[in-house]
Amino acid sequence: MSVFPATAAAKAKERRASAAAPRPGSRNQRAAYWFIAPLGIGFALFYFWPLLQTFYFSFTEFGAFGGHTFIGTDNYARVIQDVTVWQALVNTLIYSVIGLTALPIAIVVASLLNRRGLRGVSVYRALYFVPFVTLPVAVGLVWNWLYNGDFGLLNEILGWFGVDRHYWVSDPSTAVYAIGTVMVWSTTGYYLIIFMAGIKGIPQDYYEAAELDGAGALRRFFTITLPLLSPTLFFASIICMINSLQTFDLIYIMMGEKNPAIGDTQSVVGLFYKWAFIENAQGAAAALAFLLMVVIAALTYLQFRLQKRWVHYA
């Protein structure tokens, strides 16, 4: 009869000992939290807290000498009813579509630079990457000179073939596409580096086996390179779309403030800048910024949903 109480007491002692002993991996977990703490704190202070502030200020109106008052959803009503907002949104979507053309260009150039036996690859890679690291102010000034309707280099070259001079940046019918071309030119090198790294990660055995089976370069590109590069392409497409939707500085430098085509080229971020810092309508600008964030999040979510149909993970 005395065995059972002793056994119960022993089991209770074992449970207390196991509870007091440190769990396996708990020290590593605490160390991991300490390592990610700086990033988490920085994210909370510089991203999440400004997001909450922007959402709050979107329901307020700022006075001329500071201070703000709560006005409900009036700012969102202004954003939805303002024609310039929809024009800016259309322009921004056009910039996004044009910006995405940098991806196929970068893929083709990356495939050409990854050919076996090609010399000077690092030089070509650096030359393509230089426009990306160049300041947008310098890029805008140089391309403004190239596009100049009176003495621009582009009109000089087209004049050799009998094409009349054209004011590319001042004409509303061509200004958006002229700026979009500069965006593609300045970002292609960035995606080129990404795709070159992705192509180098594809095993060469696939190409050698396809070559032994008689597949040409074009066939190998479409049946091996593109499918295995699809995860990299998916990542690059998300980055490209988000950057294009947030474009501002290049447009601001190339268009200036007195360009007759500024209304046909203004992006959503450019309109935000105008409302917040020129017209002193910070509340409406906050509402516009928050709605732009919603648009970016919705398009990103759509991309993640559609990637299951065309992205192939090895």
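The values are calculated or read from the model by the stated rules, or taken from the named source; none is laboratory data. Because the structure is predicted, anything quoted here is derived from the model rather than measured. Reconstructed Cβ throughout: ideal geometry from the backbone, glycine too, with neighbour counts over all protein chains shown. Quick note on the areas: whole protein, heavy atoms, side chains included, nothing else; ligands and nucleic acids left out. Shrake-Rupley method; radii C 1.70, N 1.55, O 1.52, S 1.80 Å.
If you go through region 251-279 and keep only what is among the small types (G, A, S) and either assigned to a loop (DSSP other than H, G, I, E, B) or open to solvent by 20 Å² or more (accessible area, probe 1.4 Å) (or both), you end up with G256, A261, G263, S267.
Taking the options R125, R116, name whichever one is more than 30 Å from P260 (Cα to Cα), over 26 Å from the mean Cα position of the chain (by Cα) and either among the charged types (D, E, K, R) or not in a loop (DSSP other than H, G, I, E, B) (or both).
Details: R125 fails: over 26 Å from the mean Cα position of the chain (by Cα).
Of R125, R116, the one residue that is more than 30 Å from P260 (Cα to Cα), over 26 Å from the mean Cα position of the chain (by Cα) and either among the charged types (D, E, K, R) or not in a loop (DSSP other than H, G, I, E, B) (or both) is R116.
When the test is whether a residue is part of a helix (DSSP H, G or I), of a type in the set (G, A, S), closer than 25 Å to Q266 by Cβ and in contact with a Phe, Trp or Tyr (Cβ under 8 Å, 6 or more places away or on another chain), S237 does not pass it. Taking the condition open to solvent by 60 Å² or more (accessible area, probe 1.4 Å), in contact (Cβ under 8 Å) with a residue 24 or more places away in the chain and over 19 Å from the mean Cα position of the chain (by Cα), does K200 pass? When the stated conditions are applied, K200 passes them.
Specify the residue that is farthest from D205 (Cα to Cα); the eligible residues are those in region 143-172 that are assigned to a helix (DSSP H, G or I), in contact with a helix residue (DSSP H, G or I) (Cβ under 9 Å, 6 or more places away or on another chain) and open to solvent by 50 Å² or more (accessible area, probe 1.4 Å). Looking at the filtered set, the residue picked out is P172.
Among the residues of region 86-99, some residue qualifies, meaning at least one is under 26 Å from the mean Cα position of the chain (by Cα) and more than 30 Å from F55 (Cα to Cα).
A Cβ distance below 8 Å, combined with a sequence gap of six or more or placement on separate chains, defines the contacts here; from region 109-132, residues that are surrounded by 10 or more Cβ atoms within 10 Å (Cβ to Cβ) reach residues that are basic (K, R) and in a helix (DSSP H, G or I) in the pairs L113/R125; N114/K200.
Within region 216-250, the residues that satisfy the criterion of being crowded, with 17+ Cβ neighbours inside 10 Å, in contact with a Ser or Thr (Cβ under 8 Å, 6 or more places away or on another chain) and aliphatic (A, V, I, L, M) are M241, L245, L250.
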